[in-house]
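Report on one structure; see the data block that follows.
The values are calculated or read from the model by the stated rules, or taken from the named source; none is laboratory data. These numbers were taken from a predicted model, which means no experiment stands behind them. Reconstructed Cβ throughout: ideal geometry from the backbone, glycine too, with neighbour counts over all protein chains shown.
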């Protein structure tokens, strides 16, 4: 199990420092399996087979059309982005006449303190001038490039009593000494294989350089950057590639910008899913009535990681619904619809778990503690389908180094395969 799924997942995450790399690596896997790439700028004429379409290089929808006329759409949705720091325009900042820092801003809600004193680098995409036209180029400066040094305890005696970090003054990484001024984009351009003068713009993010690892007495745990939500992205993709659809169009959905609200052209609140569903229906020559009937007979699994009960902060968890790593897929509930699970969708998902031979558990927030939201309730504002919110249990969510169970990716892959072949 560990070697077949979880190890491959950790290798995937290690090779995917940004949402752009997530999508590029998924594309690579799909092309190996002979999927056909579709373009949103072209007219689609479809037949039974396997396809994918991307938006903004950071969101991707893959789907399999069965050989006979289909009843509806079976979808699993996850997201490609994770909390980080984005590099601003004109990022270099001189300091003390001896240093150069990078000017960055927060992307999403992260645990700031965990970014200090660990090797960092930069990855993302560059938009370059290619003979008068724009072209996107992926880049990853694959070496220890930056550091965010903590302030010594001698200069902040209250550091261990709690600290509120200022993103503009406390969270700017050190790039080099005074001789490094003007060299940041030299380094980035070299890593991307482009000329510095051709760079028009960029979407660059910091990422943690610590490698993923197995740990624990029996290697029952894993740690990695970006487990939220690449763990669900990869595990569901593994099941998707192994499943053969019969009565439904199988769809693997990966949206961007979940960590900042999903309200972008490539987020779950965008028209990306709705546009794709309608174009699948139209591209197969089906009527509007057939489309609406298919939507009514569709189901979505919104897969975004869940909080495990913390061994040192057990009082932060609900008294009864307390997920544990390696104990199965977590079904997430919220009365105020931060999660879209209801009695019907939960029951259907439990049956899937039973058929797959996979354990499941439940999560709710403490009644006096608001939680976050995720893809399910956002995407259903665009396309109304029955949806369940699930995830894999983890600790240290939104840290640059998160922790989860080594068995759980296999559970999600198994359920995904059963879901898509039914």
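Data overview
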| item | result |
| --- | --- |
| Residue within region 119-126 that is more than 25 Å from residue 201 (Cβ to Cβ), touching a residue at least 40 places away in the same chain (Cβ under 8 Å) and not assigned by TED's automatic domain parsing to the domain that holds residue 59 present | yes |
| Qualifying positions in region 403-419 - in contact with a helix residue (DSSP H, G or I) (Cβ under 6 Å, 6 or more places away or on another chain) and either buried (at least 24 other Cβ atoms within 10 Å of the Cβ) or free of Cβ contacts under 8 Å to residues at least 40 places away in the same chain (or both) | 404, 409, 412, 413, 415, 416, 419 |
| Subset of region 53-70 (residues that are in contact (Cβ under 8 Å) with a residue 60 or more places away in the chain and more than 20 Å from residue 420 (Cα to Cα)) | 55, 56, 57, 58, 59 |
| Region 289-318, residues that are over 21 Å from residue 331 (Cα atoms) and surrounded by 13 or more Cβ atoms within 10 Å (Cβ to Cβ) | 290, 291, 293, 294, 295, 297 |
| Residue identified as touching a residue at least 60 places away in the same chain (Cβ under 8 Å), surrounded by fewer than 20 Cβ atoms within 10 Å (Cβ to Cβ) and farther than 28 Å from residue 397 by Cβ among 130, 86 | 130 |
| Counted residues, region 385-396 - those being in contact with a helix residue (DSSP H, G or I) (Cβ under 7 Å, 6 or more places away or on another chain) and part of a loop (DSSP other than H, G, I, E, B) | 2 |
| Residue in region 170-182 that is part of a loop (DSSP other than H, G, I, E, B), closer than 21 Å to residue 94 by Cα and touching a helix residue (DSSP H, G or I) at 6+ places or on another chain (Cβ under 8 Å) present | yes |
| Among (1) more than 20 Å from residue 211 (Cα to Cα); (2) part of a loop (DSSP other than H, G, I, E, B) - the single one residue 128 does not satisfy | (2) |
| Condition met for residue 50 (without any contact (Cβ under 8 Å) to a residue 60 or more places away in the chain, in contact with a strand residue (DSSP E or B) (Cβ under 9 Å, 6 or more places away or on another chain) and over 30 Å from residue 413 (Cβ atoms)) | no |
| Options 173, 119, 149: the member that is exposed (fewer than 15 other Cβ atoms within 10 Å of the Cβ) and closer than 17 Å to residue 184 by Cα | 119 |
| Residue identified as more than 24 Å from the chain's Cα centre (by Cα), surrounded by fewer than 16 Cβ atoms within 10 Å (Cβ to Cβ) and at pLDDT 95 or above among 144, 186, 156 | 186 |
| Residue count for region 327-337, restricted to those that are surrounded by fewer than 18 Cβ atoms within 10 Å (Cβ to Cβ) and either more than 22 Å from residue 403 (Cα to Cα) or touching a helix residue (DSSP H, G or I) at 6+ places or on another chain (Cβ under 6 Å) (or both) | 3 |
| Breaking point among (1) touching a residue at least 40 places away in the same chain (Cβ under 8 Å); (2) closer than 24 Å to residue 168 by Cα; (3) surrounded by 15 or more Cβ atoms within 10 Å (Cβ to Cβ), for residue 139 | (2) |
